[in-house]
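Here is the structure we will look at, set down as C-alpha cells.
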Amino acid sequence: MEAFFPAGGWLVLLPTAVVLLLALWSRRALEPLVAGAFVGTLLIEPTSALSTLSESLLNVLTDEDVAWVIAVCGLMGSIIALLLKSGASRSFAESLLRYITSKPRALLGCWFMGIVLFVDDYLNSLAVGTSMRQVTDRFKTSREMLAYVIDSTAAPISVLIPISTWAVFFGALIEKNGLAADGQGVWTYIQAIPFMFYPWIAVAMVPLVAYGKIPLFGPMKRAEQRAQLEGRCVPPGAEHIDEEIAHLAAKDQTRSSVWMFLLPMMSLAFFTWYFDLDFLMGIFVTLAGMIVAFIGLKKLTPGETFDNILEGFKSMLDALAVLVAAFMFNDVNTTLGLNEYIITTVEPLINAQILPFIIFALMGFVSFATGSNWGVFVIILPIVTTLGHNLGADMTLVIGATLSASTFGSHACFYSDATVLTAQASGCTPFQHAFTQLPYAALAGLLAAALYLVLGFM
C-alpha cells in the first residue's frame, strides 16, 4: 500500500482524530478503531478503501507478533478459567482477606503483586486483575481504581526491571541502531533506567493515591463514590465481563489450596525467565503442568479441564477483537507515515537542550494516538538516534525519554494492549479504565515532561 496525501500532509492526523472523537462520543473502543482504520484507507486508496482495509486486516492476522499476542491472551484466559473452576482463585482471595483489613492495604497488595510479577506486563495485568477482584470488591473499590493500580505496575514496572521482556526487546533495538556495541544493548538500557521518569512517577503515585495523599478527582472520584455509596463496584455497561466468566466460578463445595494458585503463578514467572523471557513458552509449560496436576489431584475431571480451557480462551475474545482492531489501525497509520510526519514537522524547531522534552511529548502523543508502544519505538528510534547525534544531545537521556514516551502510550491509551487486557482482567471496559486513569497518567506525564525540560538545560 502506498499512502495518498491530498492537500497537505496534515491529513495523516485525521484517522487518529476520528478514533478519539468517536471514542469520547460512544465510550467504546472497537467501533472507533475500525472507523479510524477505514478513514485511513480512504486516504491511502480512495477508490478501493474496502479492499485496502481487508488487506490490512489480513496483514495483521498473519503477522507473527499479532499471532503471539492472540495465543498469549487466549491461553492466559484458559489458565485463569482453570484457577477459577478449581477454586484456587477463591482460596487465594480468602487467604489474603485474613491479612488485608482495609481498602488502602488491598490496593497496596495489588501494587506489590504487580511489582513481584515484573517479568511481563501481560502476566501482571491478567494475573493480578483476576486474582484481586474479590478482595477489592470486599472493600467497595471500583473496578476502575483496581484497573488503575494494576496498569500502573504493568508496563511501568516491566520497563524499569532490566530482566523483563521489555528490557530484552529494547536492548536489542538499541544495539541494532548503533547506540551500543554488540552484547551491550541491555547495559546501555540499564544506564537509561534512572532517566525513565514517567514509569518511576507512575509507580510511585499508586501508594499516594491509595492512602489519599493524592486526592481523588475527575472520573475516578465519581467511580469511587459509586462504589462506596451505592456498593456498585462494577461500572454500568461492564456487567457482561463478569457474566462471561460467572459460569467458570467454582461450586461452593469445591475446596482448594492457596498453593494451587501460587504455584501456577510462580511457574509462569520462572519458565518465562527460563526460556529467555518467552512468555508464550512460560504459558505452555504452566498450562501443561496445571492440566496434569488438576486431573491427577481430582480437582477437575478431564472433560471439565479441557472444556474450561476452551471457555477461558473464549472469555478473551472481546479483548482480542479490540487488540486486532488496534493493530489494524496502527498498520494503517504506519502506511500513512504518521510517525515520520510528526517528527519531520518539528525537526527544524529542535535543539539539543529541548530534544529530550520534545521526544517525550511528541512520542508520548504518537504512542497514545496509535495505541502502539513497541511498534512506535521500532519506527522512531532510528530517527531519534540521528537527531540526537546530529545535535550532540545526551543519548542516555534521549533513550530514557523515548522509553518513557512508549510507556506513557501503553499506560494511557484506551486501546493499547495493556489497557485492554487490564480492563478485561479487572472487570471494566477499556474506555472506562482509560477515562478514569487518564488524569493521573496526565499528571505523571506533566511531571516527567518538566524533568526532561530541566535536565536538558543542565
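Of note, residue 442 does not satisfy the criterion of being free of Cβ contacts under 8 Å to residues at least 12 places away in the same chain and under 30 Å from residue 224 (Cβ atoms). Considering only region 360-380, state which residues are surrounded by 22 or more Cβ atoms within 10 Å (Cβ to Cβ) and modelled with pLDDT of 75 or more. Selection gives 360, 363, 364, 366, 367, 368, 369. The condition (being over 22 Å from the mean Cα position of the chain (by Cα) and at pLDDT below 80) is satisfied by just one residue among 118, 92: 92. Going residue by residue through region 299-315, is there one that turns out to be crowded, with 23+ Cβ neighbours inside 10 Å, out of contact with any Lys or Arg (no Cβ under 7 Å at 6 or more places or on another chain) and of a type in the set (A, V, I, L, M)? For region 299-315, residues crowded, with 23+ Cβ neighbours inside 10 Å, out of contact with any Lys or Arg (no Cβ under 7 Å at 6 or more places or on another chain) and of a type in the set (A, V, I, L, M): absent.
The residue that is surrounded by the fewest Cβ atoms within 10 Å (Cβ to Cβ), counting only those in region 19-61 that are outside any helix (DSSP H, G or I) and not hydrophobic (A, V, I, L, M, F, W, C), is 47. Checked against the criterion of being more than 30 Å from residue 242 (Cα to Cα), modelled with pLDDT under 90, assigned to a helix (DSSP H, G or I) and in contact with a helix residue (DSSP H, G or I) (Cβ under 8 Å, 6 or more places away or on another chain), the candidates 174, 201 yield just one match: 174. Of the residues in region 415-424, not one is at pLDDT 85 or above, closer than 19 Å to residue 151 by Cβ and among the aromatic types (Phe, Trp, Tyr).
For region 27-71, filtering for residues that are among the acidic types (Asp, Glu) and either touching a residue at least 24 places away in the same chain (Cβ under 8 Å) or more than 19 Å from residue 321 (Cβ to Cβ) (or both) leaves 4.
Select from region 252-291 the residues that are among the aliphatic types (A, V, I, L, M) and assigned to a loop (DSSP other than H, G, I, E, B) and write down the one among them that is modelled with the lowest pLDDT. Break it down stepwise before answering.
We begin by selecting, within region 252-291, every residue among the aliphatic types (A, V, I, L, M); these are 258, 260, 262-263, 265-266, 268-269, 277, 280-281, 283, 285, 287-288, 290-291.
Pick out the ones that are also assigned to a loop (DSSP other than H, G, I, E, B) and you get 258, 277.
Numbers: 258: 79, 277: 71.
Residue satisfying both the conditions and the ranking: 277.
Residue-by-condition table, conditions (1) farther than 23 Å from residue 200 by Cβ; (2) surrounded by 21 or more Cβ atoms within 10 Å (Cβ to Cβ):
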site	(1), (2)
412	no, yes
427	yes, yes
441	no, yes
447	no, no
458	no, no
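Mind checking which residues of region 439-458 are in contact with a Phe, Trp or Tyr (Cβ under 8 Å, 6 or more places away or on another chain) and either acidic (Asp, Glu) or under 29 Å from residue 325 (Cα atoms) (or both)?
Just the residues of region 439-458 that are in contact with a Phe, Trp or Tyr (Cβ under 8 Å, 6 or more places away or on another chain), to begin with: 439-441, 444-445, 447-449, 451-453, 455-456.
The answer is 439, 440, 441, 444, 445.
Restricting attention to region 280-295, the residues that are buried (at least 20 other Cβ atoms within 10 Å of the Cβ) and either farther than 13 Å from residue 78 by Cα or more than 23 Å from the chain's Cα centre (by Cα) (or both) add up to 3.
Please work out which residue is surrounded by the most Cβ atoms within 10 Å (Cβ to Cβ), limiting yourself to region 136-158 and to residues that are modelled with pLDDT under 85 and either of a type in the set (Lys, Arg) or not in a loop (DSSP other than H, G, I, E, B) (or both). It would help to see each step written out before you state the result.
At the first step, the residues of region 136-158 found to be modelled with pLDDT under 85 are 154-155, 158.
This time we only want the ones that are either of a type in the set (Lys, Arg) or not in a loop (DSSP other than H, G, I, E, B) (or both), so: 155, 158.
Numbers: 155: 31, 158: 25.
Among those residues, the one meeting the criterion is 155.
The values are calculated or read from the model by the stated rules, or taken from the named source; none is laboratory data. These numbers were taken from a predicted model, which means no experiment stands behind them. A quick note on method: Cβ atoms are made from the backbone with ideal geometry, for glycine too, and the neighbour counts reach across all protein chains shown.
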